[in-house]
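Read-outs: derived from the displayed coordinates by stated rules, not from any lab. These numbers were taken from a predicted model, which means no experiment stands behind them. With ideal geometry, Cβ positions are generated from the backbone for all residues, glycine too; neighbour counts draw on all protein chains shown.
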Amino acid sequence: MILARFLGPRVWILIAAILAAAILVPLSNLALPADHPLHVPSYLVPLFGKYVCYALLALALDLVWGYCGILSLGHGAFFALGGYAMGMYLMRQIGARGVYGNPELPDFMVFLNWKELPWYWTGFDQFWFAALMVMLVPGLLAFVFGFFAFRSRVTGVYLSIITQAMTYALLLAFFRNDMGFGGNNGLTDFKDILGFSIQADATRAGLFAASCIALALGVLLVGWITRSKLGKLMIAVRDAESRTRFIGWRPEYVKLFAFTVSAVMAGIAGALYVPQVGIINPGEFSPVNSIEIVVWAAVGGRGTLIGPVIGALLVNYGKTVFTALAPEFWLFLLGGLFVFVTLLLPRGIVGTIDHGWDALRATRRAKEAEKGETAGTDVVPDPAE
Amino acid sequence: MNRSIPWLLLSLAVLLFGLGPAAAQQAEADPAAIVQKFGGKQSFDATEAVIAELAATGDERVARALRALREGDLYWREGDEAVFIATRKGSDYEIFDPLTGDSAGTVPSGDLQKVRVKNSIRNAVTGALGTLTLRAENPAQRMRAASTLFSDADPEMIGPLDAAIAAEEDSAVKARMQEARASAVLASDLPAADKAAAAKVLATRADRESLTMLIRFAGATDDPVAKQAADAAIVAIQNNIAFWNQTQNIWYGLSLGSVLLLAAIGLAITFGVMGVINMAHGEMVMLGAYTTFMVQELIRNNAPGLFEWSLTIALPLAFLVSGTVGLVMERGLIRFLYGRPLETLLATFGVSLILQQAVRTIFGPSNRQVGNPDWMSGAFDVGLMSVTWNRLWIIVFALVVFLALLAVLNRTPLGLQMRAVTQNRRMAAAMGIRTPWVDAMTFALGSGIAGIAGVALSQIDNVSPNLGQGYIIDSFMVVVFGGVGNLWGTLVGAMTLGIVNKFLEPYAGAVLGKIVVLVLIILFIQKRPRGLFAQKGRFVDA
């Protein structure tokens, strides 16, 4: 298979590790007794699941930023839209078990004195429809937004700023009660998904495994795209957009493709995130969230496949640890991380290691060549010959 | 000394025990006490004497009691002979304080006795009401009386009003009295011609109150002449109100625009002129606001007399604080990132997180109280619109800052060098300009201006660590909308966005209005990626 050759062993190790986690974590949580040293406690499973969703989100951003040079500061919006689509499905699954016991309307609508379900909620009682919307809504938004933005050649910082304005506008919109998405409180109190109780350990383990599989598929997809001819074009657009255009390509379509695919991935990440966290609210749209995604990718190393995954896992693990230890300290650390990475580690962890490795190999080769040269000069033609 | 102690005790006792009716009876001219004299059985002559006594106080609050007396709504309670205004409520009466009109509960009808009136008493009341306030010495008091009478629309008062109008010398008060008379005429059963004339008078007053009055009248009357006049007046008033509504919207828009201008103008320097994306710009504003807070705290503790000057003192300090932070940022961070705008964006975002958290750690996460000096508080009326002083000052201030910055850029050596470096860095360097120094100064200037903006914004917004976050996106929108590298663009952009926002608000609500504006800007950028006032010249995208 061509992929096997192109992706390189490192990516396969990553995929193998993800799949191993998908099997081992649920297994140790469900099968091992609670006092076993390798037992993963139930509260950790959704937490790990959250990290995995974030990793998928970082990977989605990496596709546009790392490979196509579009710094989107609005990827949190696609993530949240996917999350809301899933949340709407979960909301409909509550049925008559809500506080007000209305079989048709979610609690907040009863509370707001609404009489019937708004039209855009129809169909969300079907999982297949919700799953479709999870991909379609962020994808469509990205397509329309990108179509206009890229066509009129809004690039660089301007694009970053208007993507941020986009997520900000959505934040404001979703805060409104009349929008019909639960306003300030968002969607929560979920009961079950596909008939399984959302609180049950087995369901959570299943969701974790699903997130891992989605991440593995995401890595494969991004790997496949970026190693294809289209991927080469994306990198060309990233490095020299004008030149690519002058050669005769249409950079706007390349970007639009990357942006839309990336938004769909972000939407899927959001949809997997919501049932594991148990809530989706407008806070997910806040511009700060979107910028945080960027730092995950930056820390790990953009423009690589494993970098964003590693970055998202590391930064979020650090966030969990530090917010528990010293909540005040975390923002200092996160802020410092932004500064440190951009200033001293612009390639991210993976990129720096690669670069260092390449540099090392280059110097060694140079040395060897030098040695060879000097050796060559030393070699005196054998008189015996 | 010895004598003063018992006095002190006595006044304390009065304070402690005298808060009830006892205190009311102490002062002779207290209308609350006099009005109680209506209580108990008494002769008509005694009642008339009390009316005269009330009128002599010159306090317009007694008008309520007097009018109630005339209508036969004044009662006194069996037992304590306390006087109330009462209205029937089922089988009971609801009673109200005769002066303030505050509800005092309900009592069974058997407990109340009506204060008896006859026609001569009613005439005495009307006369008293007229002289009471319309003839007061103080024009302001006469003005108030006329205003009260206007709202009352009491036909009985036409006579006293006519007399007062004839005697009045102050033209403003006179006009107000004529309006009061007009409102009374509309409520009276005078001939239609008089009412038509009254409607014309109300049309010149042209506020919401006269509008409701005329609408009520036009609905009730069946006389074609009066109705026609009233309808004409209604249309005129509605036009007037619509005009003032638009003016108010523009005013609010300018006010919002000036806030946006203040927040964005520093960014117009750092982003617009230098091309540096400073995500910590909002935090510079926040630092300025906290500087104001610190200055006010110091003044409050050490020199309370200087409070009126606190903002003036805070301005240069805020400039210095934010400017210094900006300078440190530029030297320590941003200069390594020139030419890499996306990295700059991320790094400065990190700085903004650190600054926010630092302020949160030092000052706490809650809002800090920043006081308004006297000259910033209060409001005055222009036509039908109320103008608050702090909004007015902020508009003035924003324009002053804008002009000052314009002068710095166009009239000083630093400004010249700044423009030179922005336009052609290498050429400027070749001409001997120290470009790194100019960069640092430009960035410090932009940050310092943000600090100054913080002083102004501390007057109208909550001073909290999140202050800056609320402005950062709006500021970028203003600069991008107005056109990068052009201060005039920032001015026009800020004002346009402010006014559009305020005009959308009545139709769409505040939040939706804002969303619509954001969407409009996003669409606008598609159309003109370089903003309203694009810099002319040739560009090639990197």
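In whole Å, how far is the Cα centre of region B:444-497 from that of region B:255-295?
5 Å
For the pair residue B:324 and residue A:132, what calculated FRET efficiency results from E = 1/(1 + (r/R0)^6), where r is the Cβ-Cβ distance and R0 = 45 Å, to the nearest 0.05? Before the final figure, lay out each step's value.
Working: r = 55 Å, r/R0 = 1.22.
The formula returns an efficiency of 0.25 here.
How much space per residue, in cubic angstrom, does the convex hull of the C-alpha atoms of region A:201-344 take up?
About 132 Å³ per residue, rounded to a whole number.
Using alpha carbons only, how many degrees (0 to 90, rounded to 10) separate the axis of helix B:224-267 from the longest principal axis of chain B?
30 degrees
I'd like the projected area of region B:110-168, averaged over all directions, using the convex hull of its alpha carbons. Report it in nm² with one decimal.
Details: hull surface 21.4 nm².
One quarter of the hull surface, i.e. the mean projection, equals 5.3 nm².
At most 13 other Cβ atoms within 10 Å and a DSSP loop assignment: could you name the chymotrypsin sites (Phe, Trp or Tyr not before Pro) in region A:19-95 that fit? Intermediate values should be presented prior to the final figure.
Numbers: sites: A:43, A:48, A:51, A:54, A:65, A:67, A:78, A:79, A:84, A:89; in loops: A:43, A:67.
Listed in order of number, the matching sites are A:43.
Can you give the charge dipole size of region A:2-288 about its Cα centre, rounded to the nearest 20 debye, using +1 on the beta carbon of Lys and Arg and -1 on the beta carbon of Asp and Glu? Present the calculation step by step, with values, prior to reporting the outcome.
On the way: 19 positive and 14 negative charges, 254 e Å.
In total the dipole reaches around 1220 debye.
Can you give me the C-alpha center-to-center distance between region B:217-248 and region B:151-209, rounded to a whole angstrom?
Measuring centre to centre over Cα atoms gives 16 Å.
Would you give the gap between the C-alpha center of region B:61-97 and the C-alpha center of region B:333-359, rounded to a whole Å?
71 Å
Among A:332, A:51, A:174, whose Cα projects farthest towards the positive end of the dipole of chain A, with charges put on the beta-carbon of Lys, Arg (+1) and Asp, Glu (-1)?
A:174
If the only charges are +1 at each Lys and Arg Cβ and -1 at each Asp and Glu Cβ, what is the size of the charge dipole of the protein assembly as shown around the Cα centre, to the nearest 20 debye?
Values: 72 positive and 69 negative charges, 718 e Å.
Roughly 3460 debye, rounded to the nearest 20.
Run the Debye formula on the Cα coordinates of the protein assembly as shown, all scatterers equal and no solvent, and tell me log10 I(q)/I(0) at q = 0.08, 0.09, 0.10 1/Å.
With one equal scatterer per Cα and no solvent, log10 I(q)/I(0) is -0.94, -1.05, -1.16.
Helix B:62-71 versus the longest principal axis of chain B: what angle, 0 to 90°, nearest 10, using Cα atoms?
Helix B:62-71 and the main axis of chain B meet at about 50 degrees.
Looking at region B:37-121, which GluC sites (Glu not before Pro) are DSSP coil and have at most 15 other C-beta atoms within 10 Å of their C-beta?
B:78, B:81
Taking the Cα atoms of region A:2-288, what is the range of coordinates along each of the three principal axes, in descending order and whole Å?
Here the spans come out as 63, 50, 30 Å, largest first.
Count, for each residue of B:353-360, the Cβ atoms from other chains sitting within 10 Å of its Cβ, then give me the mean as a whole number.
Working: counts 14, 8, 2, 3, 8, 4, 0, 2.
That average works out to 5.
Over the Cα atoms, compute the radius of gyration (one decimal) and Dmax (the largest Cα-Cα distance, rounded to a whole number) for region B:453-506, in Å.
Answer for region B:453-506, Rg first and Dmax second: 12.4, 33 Å.
Once you treat every alpha carbon in region B:372-472 as an equal point and sum by Debye, what is log10 I(q)/I(0) at q = 0.17, 0.18 Å⁻¹?
The computed values of log10 I(q)/I(0) come out as -0.87, -0.92.
Determine the equivalent ellipsoid of region B:34-157 by diagonalising the alpha-carbon gyration tensor, then write out the semi-axes as square roots of 5 times the eigenvalues, largest first, rounded to whole Å. Show your work: numbers first, answer last.
Values: eigenvalues 126, 51, 30 Å².
With the √(5λ) rule applied to region B:34-157, the semi-axes are 25, 16, 12 Å.
Check which residues have an amide H placed less than 5 Å from residue A:193's amide H, if you skip close sequence neighbours.
A:198
With the calculation restricted to Cα positions, what are the radius of gyration and Dmax of region B:135-222 in angstrom?
12.4, 41
Let me check the size of region B:415-474 from its C-alpha atoms; what are the radius of gyration and Dmax in Å?
16.2, 48
Evaluated at 4 °C with a viscosity of 1.567 mPa s, what Stokes-Einstein diffusion coefficient in µm²/s does region B:448-542 have when Rh comes from the Kirkwood expression over alpha-carbon pairs? Walk me through the intermediate numbers first.
Working: Rh = 14.7 Å.
Roughly 88 µm²/s, to the nearest whole number.
Kindly express, to the nearest 10 degrees and within the range 0 to 90, the angle between helix A:306-325's C-alpha long axis and the longest C-alpha principal axis of chain A.
Taking the Cα atoms of chain A, the angle to A:306-325 is about 60 degrees.
Running a GNM on chain A with Cα contacts under 10 Å, which residue among A:303, A:74, A:356 ends up with the highest mean-square fluctuation?
A:356
Could you bin all the Cα-Cα distances of region A:102-172 into 10 Å bins starting at 0 and give me the percent of pairs in each, rounded to whole numbers?
Whole-percent P(r) values from 0 Å outward: 16, 31, 29, 18, 6.
In a Debye calculation with equal point scatterers on the alpha-carbon sites of region B:52-95 and no solvent, what is log10 I(q)/I(0) at q = 0.28, 0.31 Å⁻¹?
Here log10 of I(q) over I(0) equals -1.04, -1.10.
Report the FRET efficiency, 1/(1 + (r/R0)^6), for residue B:460 and residue B:519, where r is their Cβ-Cβ distance and R0 is 22 Å, rounded to 0.05. Each step should come with its number before you reach the end.
Working: r = 26 Å, r/R0 = 1.19.
E between residue B:460 and residue B:519, to the nearest 0.05, is 0.25.
Give the total of Lys-Lys pairs in chain A with Cα-Cα distances below 29 Å; include a pair only if its members are 8 or more places apart or on different chains. All intermediate terms of the calculation are to be shown ahead of the outcome.
On the way: A:50/A:191; A:50/A:255; A:50/A:319; A:115/A:191; A:191/A:319; A:229/A:255; A:232/A:255.
Lysine pairs, 8 or more places apart or on different chains, close enough: 7.
For region B:250-295, state which chymotrypsin sites (Phe, Trp or Tyr not before Pro) are in a DSSP loop and have at most 16 other beta carbons lying within 10 Å of their beta carbon. Before the final figure, lay out the partial values.
Details: sites: B:251, B:252, B:271, B:290, B:293; in loops: none.
Taking region B:250-295 and a limit of 16 other Cβ atoms within 10 Å, no loop chymotrypsin sites (Phe, Trp or Tyr not before Pro) are found.
Where does chain A land at 222 nm, in deg cm²/dmol rounded to the nearest 500, when only DSSP H runs of n ≥ 4 count, each adding -39500 (n - 2.57), divided by all residues?
Details: 14 runs with 276 residues, N = 385.
-24500 deg cm²/dmol, from helical runs alone.
Please give the FRET efficiency for residue B:220 paired with residue A:199, using the beta carbon to beta carbon distance and R0 = 60 Å, rounded to the nearest 0.05.
On the way: r = 67 Å, r/R0 = 1.11.
That pair, residue B:220 with residue A:199, gives E of 0.35.
So for region A:268-355, considering every pair of alpha-carbon atoms, how many percent are separated by more than 20 Å?
Numbers: 1556 of 3828 pairs.
Tail of the P(r) past 20 Å holds 41 percent of the pairs.
If you take each beta carbon of peptide B:506-515 and count the beta carbons of other chains within 10 angstrom, what is the mean? Don't jump to the answer; show the numbers that get you there.
On the way: counts 0, 0, 0, 2, 1, 7, 5, 1, 4, 7.
Across the residues of B:506-515, the mean count of other-chain Cβ atoms within 10 Å is 3.
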